[in-house]
Structure formats: structure tokens, C-alpha cells
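Participant: Here it is, the structure in full.
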Amino acid sequence: MHRTSRFALRRSETRLLLPEATDTARLKLAKGVVGGGGDGPILLLAGLDSGLLSIAMDLRQIRYFIAVGEDEHFGRASERIHIAQPALSRQIQMLEAELGVTLFERLPRGVRLSAAGRTFLDYCRKIMLDLGHAVSETQAVSRGEAGMLKLGFIEVAAWSGTIPEVIMGFRRLSPDVQLVLRSMSTLDQLEAIQDGRIDAGFLYNPATNNPLLTTLPVARHRVLLAVQSDSALAGRQAVDVKELSGQPLISFHRRQSPIYYDELHRGLFNAGVAVDIVHEADNEAEMLALVTTGLGVALINECQKWRRPEGLALVPVRGLDVGLDLALVYRTAHGLPALDRFLDLVRAQTAGAAG
């Protein structure tokens, strides 16, 4: 048994990249490592029935072999790739020695690919094609033009405005970047950003005291009062916040957005409003549904106007200095070119919109 290197894989882990040359000598390419420059050496660990064999070659030899294999003539191939014919012949001989096979049948006039040579030519073409794709893809990823970007968002904020606009704009700008979009609560997004499950997230009223996270203000959404259409408050241009005292209020659970919850209730308290909470809902859709039943009124995000149920009116609230600050939060040290490209677009499309 040959001694295996650190690159070797167990035979059960290898994948067939080269077909069987004979029944007894099945060549399996276990791993290839490209080092140095564009023509740097490649170390191939080929698994044979009798063990593992190291094969050293470089990209020049592969290119040379492809040229000779396509022309089946050393003279024409040497002219095409600008190398002296004796040097080209030596490189092919070295390659055959490394592989332990005859790639060409030598004829009086030129050469002809052997059966092994035809097989090897097919795979060498694929190697060069795959390498070209790998280089192009790698460079595109480094420019933020390819790869994957995982984004979280607050569902209600995606109905209109900033989020759909920047998503559509980014798809036009970087169509080869795969966008993975996930609807998540503010707290869930913050956790997912920190542990890497998402790369960035659109969320409301985020905490800004985490040095590992950066917050990019995006937009500020108003708070509206949801009432039944036949309510005395429904036809008003605006409702003074003090008029909410004594009104049965349908709220949301604090765990949904702790910072916004605290700001909203602090704003009501500072305005002298005695809050009468009759129900805490899991989300604003539930809050709106309960308003239609007559259970109470609700303070909701203005984005809900896009899916307001029949029988409800949304009225501005005067004297309540509270809003929902939509921001894009991401890891400060993210190292993602696609995210940098996305951030540039968000900044350009939201300049002056927040705050």
C-alpha cells in the first residue's frame, strides 16, 4: 500500500471523475489542488485498485495536450500555442509518464489519440472550462455581482415602499446574486444576524448599542389609529392623543418589538393618556381583525393601510411623537461584497428618507 498524503480521501469517499480505462485499472480522481499562478502545478491523487498514486502536472501541460489532441499534429499545435515543437513533445512525454498511459499513437504523419487519450481529452476540456467558470464566478462574487444574500424583513413593511423598491432595484443591478428572503420578527432577526443565519435584516426600532452590529436608517412610519368605520372618530382629519384616554385599546405583546412597545407606551404616558388595554395580540393583522369586532381601537403601523379590512378607518394621531423607525441592520464585520453592493443601493434610494 502506498503511503497516503493529507489530501487523500478514503476510496469510499472518492467520486468518479475519470471513466474506467480497463477493468483492472480504474482511475479515480480523488482531489485536485491548483497552486501558484494560472499555470501552477496541480496535484492529483488518483485512487487505483492497488492503492493511491500521486500525479503531478500543471495547467500548461493540460493546455498543450488539448492543442495536440485537437490537431493530432505536433507541428500545427506548436504553431497555434506558440511553443517550439521539441519542447511541446517533451511536455506530452512527461505527461504520459506521469499518467502511466499512452495518450497518442505515433504515426508516420502526425499522431492519433489513443482510447485513453480521447477519454483524457474530454476531461481536460471540462477541467479548463470548469476552471474558467470558477475564475469568473469567484471574481463576480468578489465584486458583489454573484453569490447569495440572505435578508430578513418585517412582513408588514414589505407591502409597499422601501423594501420592495430596494429588492427590485437590487435584482436589476445584480441579477446573478441569489436573494433569500425571510419574514421574521425584530427580535428573531437580531438573533439571526448575530449568529449568521441571515446577513442583514429590515426591522423596526432596533437597539443600537451592540458594537458588532451596524444600523442603517431607512424610513420612519407613522402610527395610525384603527377604528370601526361607524365610530365617531372615523371621519376626523386627526385624533388628539388625549382622546385615547379611556378607550379600550387592543395592543400587541411586548415580545414582538420591545423597544417600540416601550416607546409607544411611554409616549402615551407622557401625553397623559390612561391606557385601558383589553387584549394583547400576536401581530397587527390580529389587532385589525379584533377592531372590526368592536372589541376596541388599535394603534397600528401606517403600512397596514395596504391591507385594511372593510369596515375599518385609519386616522392620524396628533400629539403622539412616536413612530416606527425602519432600519437595515447587519454585522459590522460581514465581509460580503454582495451585501456592500446592497447597502450602497439602500443608501442611494433612501437618502434623506429616514430621520
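Participant: Compare the peptides 178-185, 220-227, 114-121, 272-279 by average per-residue count of other Cβ atoms within 10 angstrom and give them in order, highest first.
Facilitator: Result, highest mean first: 220-227, 114-121, 178-185, 272-279.
Participant: Which log10 I(q)/I(0) values, to two decimals, does region 101-216 give at q = 0.14, 0.16, 0.18, 0.21 Å⁻¹ under the Debye formula with one point per Cα?
Facilitator: -0.72, -0.86, -0.99, -1.15
Participant: Quick one: what Rg and Dmax do you get for region 223-322 from the alpha carbons, in Å?
Facilitator: Just the Cα atoms of region 223-322 yield Rg and Dmax of 12.2, 33 Å.
Participant: Here is a further query. Can you work out the Karplus-derived ³J(HN,Hα) for every residue in region 263-272? Use 6.51 cos²θ - 1.76 cosθ + 1.60 with θ = phi - 60°, whole Hz, and x for glycine or proline.
Facilitator: After applying 6.51 cos²θ - 1.76 cosθ + 1.60, I find 5, 5, 6, 5, x, 5, 5, 5, 7, x Hz.
Participant: Can you give me the long-range amide H partners of Asp240? Hydrogens built in the peptide plane at 1.01 Å from N, cutoff under 5 Å, separation of 5 or more residues or another chain.
Facilitator: Distant-sequence amide H within range of Asp240: Arg318.
Bear in mind that the values in this text are calculations on the coordinates, not laboratory data. All values reported here derive from a predicted model rather than from experimental measurement. In this analysis, Cβ positions are derived from the backbone assuming ideal geometry, glycine residues included, and neighbour counts consider all displayed protein chains.
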